[in-house]
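The values are calculated or read from the model by the stated rules, or taken from the named source; none is laboratory data. In this text the structure is predicted, and so the values were computed from the model without any measurement. Glycine gets a Cβ as well: all are built from the backbone with ideal geometry, and neighbour counts include every protein chain shown.
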Amino acid sequence: MTMGLGIGTYAMFWEWSDAVEEPIGLPGMLDRAGELGCDVFQICDYPPIEAMDSGRLGEIAAQAADLGLALELGTRGTDPGRLNGYLDIAETMGVSMLRSMVPVGAGAPTLDESLSSVRGLLPRLHEDGVSIAFETYEQLPSTRLVRFVADVGDPQVGICLDPANCVAGLEPPLEVINRCAPCTLNLHVKDFAFTRRAGWVGFTYTGAAMGEGLLDFDAELRAVRPLERGISLIVEHWLVWQGDPGTTVALERQWTRQALDYVRNHLENQGEMSHE
């Protein structure tokens, strides 16, 4: 793997949604990533890609290549049929990183069943040269996710680290970072913050502009070492709707530019420190 900085569909969550009059399509998202000087684009939780035939997938991959973008994919779950379907897409598009999530709760397979499903995919992952990174999130404690990955016991399977997701499970972000860093294969970069609700009755937990929230990004870089380990960093947001499409999309774009600038600056500083 080669370290790359980029964005994904979650960086344009509102702009490609039905909440705007003319949602941006995948070609437009790729063009945006190219304009922003990105190295990689993650097509994550984007259902339209599942309906694209091989010809259309090839066109998207060719556009990405022309823009100098590596592509990554993202889905959810451990169902073998679903993951094999995404591995088919990955094969067509030349993708080597697939993000997913280990499901838990009512209607979900047991962790042992998920473990068996993932182990069954290992021969294909090695044959295709694809890694799967399971994302940290509040419904599955990070201690259990780390154990799940250890039980799979294969370097093609690891963690997509996003400590913001675990706060709702009462896990301190730095603990999640340090616990998951050795297993991390993919990094989702977003800032987050609490604000008091009106009347001081509780808090609202949402995204924040990068560098203005609670994420200790320098600590995350020191723990994960993406430059050294060839781990891609994907910028995304938790941006609350701003009341109208124009204002929301404009702020979403501003957050993306700010996040990319912030990450580039901190990566440069880390690279300089590593050579001292």
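Could you count how many residues in segment 186-214 are under 26 Å from Gly37 (Cβ atoms) and modelled with pLDDT under 95?
Result for segment 186-214: 0.
Under 8 Å by Cβ, and 6 or more places apart or on different chains, what pairs join a residue from segment 77-99 that is of a type outside the set (A, V, I, L, M, F, W, C) with one that is outside any helix (DSSP H, G or I) and at pLDDT below 95?
Here the result reads Ser96/Met1, each pair linking segment 77-99 to a residue that is outside any helix (DSSP H, G or I) and at pLDDT below 95.
Looking at (1) surrounded by fewer than 22 Cβ atoms within 10 Å (Cβ to Cβ); (2) closer than 28 Å to Tyr46 by Cα, which is the only condition Trp255 fails?
Among (1) surrounded by fewer than 22 Cβ atoms within 10 Å (Cβ to Cβ); (2) closer than 28 Å to Tyr46 by Cα, the lone unmet condition for Trp255 is (1).
Can you confirm whether segment 215-224 contains a residue that is of a type in the set (D, E, K, R), modelled with pLDDT under 95 and within 25 Å of Val40 (Cβ to Cβ)?
Within segment 215-224, the first condition is being of a type in the set (D, E, K, R), and the residues that meet it are 216, 218, 220, 222.
Within this subset, residues satisfying the condition of being modelled with pLDDT under 95 are none.
The answer is no; no qualifying residue exists.
Scan (1) in a helix (DSSP H, G or I); (2) surrounded by fewer than 19 Cβ atoms within 10 Å (Cβ to Cβ); (3) of a type in the set (Asp, Glu) for the single condition Glu212 breaks and write down its number.
(1)
Suppose we filter Val95, Val104 for residues that are of a type in the set (A, V, I, L, M, F, W, C), surrounded by 22 or more Cβ atoms within 10 Å (Cβ to Cβ), in contact with a Leu (Cβ under 6 Å, 6 or more places away or on another chain) and in a loop (DSSP other than H, G, I, E, B); which single one remains?
Val95
Can you work out which of the residues in segment 182-199 that are more than 19 Å from Gly153 (Cβ to Cβ) and surrounded by fewer than 19 Cβ atoms within 10 Å (Cβ to Cβ) is nearest to the chain's Cα centre (by Cα)?
Start the filter on segment 182-199 by keeping residues that are more than 19 Å from Gly153 (Cβ to Cβ), which leaves 187-199.
This time we only want the ones that are surrounded by fewer than 19 Cβ atoms within 10 Å (Cβ to Cβ), so: 193-199.
Details: Ala193: 19, Phe194: 22, Thr195: 24, Arg196: 28, Arg197: 29, Ala198: 32, Gly199: 35 Å.
Step by step, filter segment 182-199, then rank; the result is Ala193.
For every residue, the table says whether it meets (1) closer than 19 Å to Val263 by Cα; (2) of a type in the set (A, V, I, L, M); (3) assigned to a loop (DSSP other than H, G, I, E, B); (4) in contact with a Gly (Cβ under 9 Å, 6 or more places away or on another chain).
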residue: Ser17; (1), (2), (3), (4): no, no, yes, no
residue: Glu22; (1), (2), (3), (4): no, no, yes, no
residue: Asp31; (1), (2), (3), (4): no, no, no, no
residue: Glu50; (1), (2), (3), (4): no, no, no, yes
residue: Gly58; (1), (2), (3), (4): no, no, no, no
residue: Ala61; (1), (2), (3), (4): no, yes, no, yes
residue: Gly77; (1), (2), (3), (4): no, no, yes, no
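Looking at segment 260-276, I want the residues that are modelled with pLDDT of 85 or more and have a partner that is part of a helix (DSSP H, G or I) and not β-branched (Val, Ile, Thr) with Cβ atoms under 7 Å, at least 6 apart or on another chain. Which pairs are those?
Close Cβ pairs (under 7 Å, with a partner that is part of a helix (DSSP H, G or I) and not β-branched (Val, Ile, Thr)) amount to His266/Phe217; His266/Asp218; His266/Leu221; Leu267/Leu227.
Looking at segment 17-56, which of the residues that are among the charged types (D, E, K, R) and touching a strand residue (DSSP E or B) at 6+ places or on another chain (Cβ under 7 Å) is nearest to Gly94 (Cα to Cα)?
Asp39
Starting from segment 104-130, keep only residues that are over 14 Å from Val149 (Cα atoms), then list their pairs with residues that are in a loop (DSSP other than H, G, I, E, B) and of a type in the set (Gly, Ala, Ser) whose Cβ atoms are within a distance under 7 Å, requiring at least 6 positions of separation or different chains.
Gly129/Ser96; Val130/Ser96
Applying the selection to segment 132-145, what residues are under 17 Å from the mean Cα position of the chain (by Cα) and either in a helix (DSSP H, G or I) or within 15 Å of Val224 (Cβ to Cβ) (or both)?
Matches in segment 132-145: Ala133, Glu135, Thr136, Ser142, Leu145.
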